[in-house]
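> Structure in structure tokens, see below.
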Amino acid sequence: MIRAILLFAVLMNLLTQLASAEVSVADFDSIEVFTLTNSNGMVVKATNYGAIITNIEVPDRKGNVADITLGYNDVSGYMNAVDKPYFGSVVGRYGNRIAKGKFTLDGTEYTLAINNYPNSLHGGIIGFDKVVWDAEIVGDKAVKFSYLAKDMEEGYPGNLNVSVTYTLTDENEIVIDYHATTDKSTPVNLTQHAYFNLKGEGEGTILDHELRINADLYTPVDNILIPTGDLAPVDGTPFDFREAKKIGQDIDQTDDQLSYGGGYDHNWVLNREKRDGELELAARLYEPTSGRVLEVLTTEPGIQFYCGNFLKGNLKGKSDKPYVYRGGLVLETQHFPDSPNQPNFPTTILKPGETLDSQTVFKFSVDNE
């Protein structure tokens with residue numbers, strides 16, 4: 001249960017922001033943390049505040065267990081975090097950026113909050129990461145979070161019923177199932193914003209991690225991080241991760257795209273060979289000192305690789321160690337940024353009578369070499 005002092009801090013924080021989402025006092029009494037454990041001793045914790053994954057505890061090649069996702073020890077840390085890093089949360093209604101906070105749908109222009117000047121980012125001022133979801137335990141290794149985003153909440157049309165289910169398997173997989181329906185046409189782009197450091201949260205940078213992304217193309221951006229509309233080859237650029245390489249290998253090259261993002265903060269167009277709706281490998285991340293491996297599989301067409309360019313060392317996490325510059329990375333499975341304004345991108349418009357069903361899997365293992 002959330003005590004009065006936390007409730008006061010939350011309300012003061014919300015009152016300082018202009019937003020259209022409604023959060024009642026009673027909602028805060030329902031904040032809980034759910035712990036999932038499998039037969040291998042892997043532990044995943046999640047809270048119905050923001051549908052946040054707070055902990056992912058997995059072994060290294062020697063059997064030593066560490067928490068490999070950035071975050072805080074209590075809900076108040078997520079509520080009051082400066083710089084709004086979105087640690088572990090589900091972001092929406094539209095994950096990533098929408099140019100200048102505007103889009104036109106069915107002849108009507110909609111205006112969104114500008115919270116990442118001059119754009120709208122991750123659903124607005126009070127997006128899905130900052131609301132209390134309903135929670136339901138499903139079986140012995142799953143929890144389902146549900147939320148109703150009301151018509152015109154944060155400027156988006158339609159009453160959107162959305163759910164995300166986290167299932168922990170005995171194969172050390174976190175299976176993430178997204179589901180949504182609407183009563184008006186609306187853009188929807190849901191993703192999970194966990195930050196990973198496979199050495200352990202707070203254990204330095206991720207520049208020595210080896211990353212492979214299954215993509216021949218990416219979507220270059222302009223100087224405000226909005227896609228230009230082009231699908232550009234990664235070949236011959238720092239964005240070529242078709243073969244695994246250390247994240248730090250090319251990150252300091254002289255390159256306009258790296259300059260715009262302060263490093264990697266871009267969307268890759270995933271190579272897809274299977275039918276729509278089937279899981280395919282999007283990325284593989286390996287940390288050589290621990291041997292930990294993360295494979296990301298998804299039904300989505302894109303993945304945003306963000307390498308913690310805006311972490312500055314001013315945030316301290318669960319181990320009370322500062323989260324340093326590039327101290328964590330995010331692999332956000334998604335549709336492409338600014339798709340409502342990009343007619344050549346895969347559509348993100350969900351219509352009445354349609355159902356959004358999307359799945360992403362975080363699969364953990366060790367490489368003993």
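Only the coordinates and a few stated rules stand behind these numbers; no lab work does. The structure displayed is predicted, hence computed values, not measured ones. Virtual Cβ from ideal backbone geometry, glycine too; neighbours counted across all protein chains shown.
> Mind computing the radius of gyration and Dmax over the alpha-carbon atoms of the chain? Å is fine for both.
Using the Cα atoms of the chain, the pair Rg, Dmax is 19.3, 59 Å.
> Take the alpha-carbon positions of region 113-261, form their convex hull, and give its projected area averaged over all directions (one quarter of the hull surface) in nm².
Over every viewing direction, the Cα hull of region 113-261 projects on average to 11.8 nm².
> Moving on to the next point. What number, in percent, do you get for the relative contact order of region 278-363 if the mean sequence gap of Cα pairs under 8 Å and at least 6 apart is divided by its residue count?
Relative contact order here is 31 percent.
> Using helices alone, what [θ] at 222 nm do you get for the chain, with -39,500 (n - 2.57) per DSSP H run of 4 or more residues, divided over all residues and rounded to the nearest 500? Show your work: numbers first, answer last.
Working: 4 runs with 28 residues, N = 369.
Calculated at 222 nm, the ellipticity per residue is -2000 deg cm²/dmol.
> Any chance you could run the full-extension gain for SER319 through ASP357? It's 0.36 nm times the residue separation minus the Cα-Cα distance, nm to one decimal. Don't skip to the end; give the middle numbers.
Details: separation 38, 0.36 × 38 = 13.68 nm, distance 3.58 nm.
Computed gain between SER319 and ASP357 is 10.1 nm.
> Can you list the equivalent-ellipsoid semi-axes of region 299-369, largest first and in whole Å, using the square root of 5 times each Cα gyration tensor eigenvalue?
32, 18, 12
> Using Cα springs under 10 Å in a Gaussian network model of the chain, which residue among THR104, THR35, THR69 shows the largest mean-square fluctuation?
So, out of THR104, THR35, THR69, the one fluctuating most is THR104.
> Please enumerate, by chain and number, the lysines with C-alpha under 17 Å from the C-alpha of LYS312, excluding those fewer than 8 residues away in the same chain.
Correct list for LYS312: LYS84, LYS321.
> Let me ask something additional. Once both labels are modelled 7 Å past Cα along the beta-carbon direction, what's the ASN368-SER146 spacing in nm?
Roughly 4.5 nm, to one decimal.
> LYS245: which lysines have alpha carbons under 23 Å from its alpha carbon, excluding same-chain residues fewer than 8 sequence positions away?
Leaving aside lysines fewer than 8 places away in the same chain, those within reach of LYS245 are LYS199, LYS363.
> Pick out, from ASN314, GLY291, LEU211, the residue whose Cα sits farthest towards the positive end of the charge dipole of the chain, with +1 on the Cβ of Lys and Arg and -1 on the Cβ of Asp and Glu.
Value: ASN314.
> From Cα pairs below 8 angstrom and at least 6 apart in sequence, can you work out the relative contact order of region 27-186, rounded to a whole percent? Let's see the in-between values first.
Values: 327 pairs, mean separation 29.6, N = 160.
Relative contact order comes out at 19 percent.
> How much length, in nm to one decimal, is gained on full extension between THR37 and ASP216, taken as 0.36 nm per residue of separation minus their Cα-Cα distance? Intermediate results must be reported in sequence, preceding the final value.
Values: separation 179, 0.36 × 179 = 64.44 nm, distance 3.68 nm.
Extending this stretch completely gives an extra 60.8 nm.
> Here's another thing I want to ask about it. Which one, ASN172, ASN80, ASN115, has the greatest fluctuation when you compute a Gaussian network model over the chain with C-alpha springs under 10 angstrom?
ASN80
> Could you tell me the calculated FRET efficiency between ASP252 and LYS312, based on Cβ-Cβ distance and R0 = 22 angstrom, to the nearest 0.05?
Details: r = 18 Å, r/R0 = 0.81.
After rounding to 0.05, the efficiency reads 0.80.
> Near the amide H of GLY71, under 5 Å away, which other amide H atoms are found, from residues 5 or more places off or on another chain, if H is placed in the peptide plane?
When sequence neighbours closer than 5 places are left aside, the close amide H contacts are LYS318.
> Work through the residues other than THR191 whose Cβ is under 11 Å from its Cβ and net out their charges, Lys, Arg +1 and Asp, Glu -1.
-3
> Picking from GLU354, GLU154, GLU201, which is most flexible by a Gaussian network model of the chain using Cα springs under 10 Å?
The residue that fluctuates most here is GLU354.
> When only C-alpha pairs under 8 Å and at least 6 residues apart count, what is the relative contact order of the chain, in percent?
This gives 18 percent for the chain.
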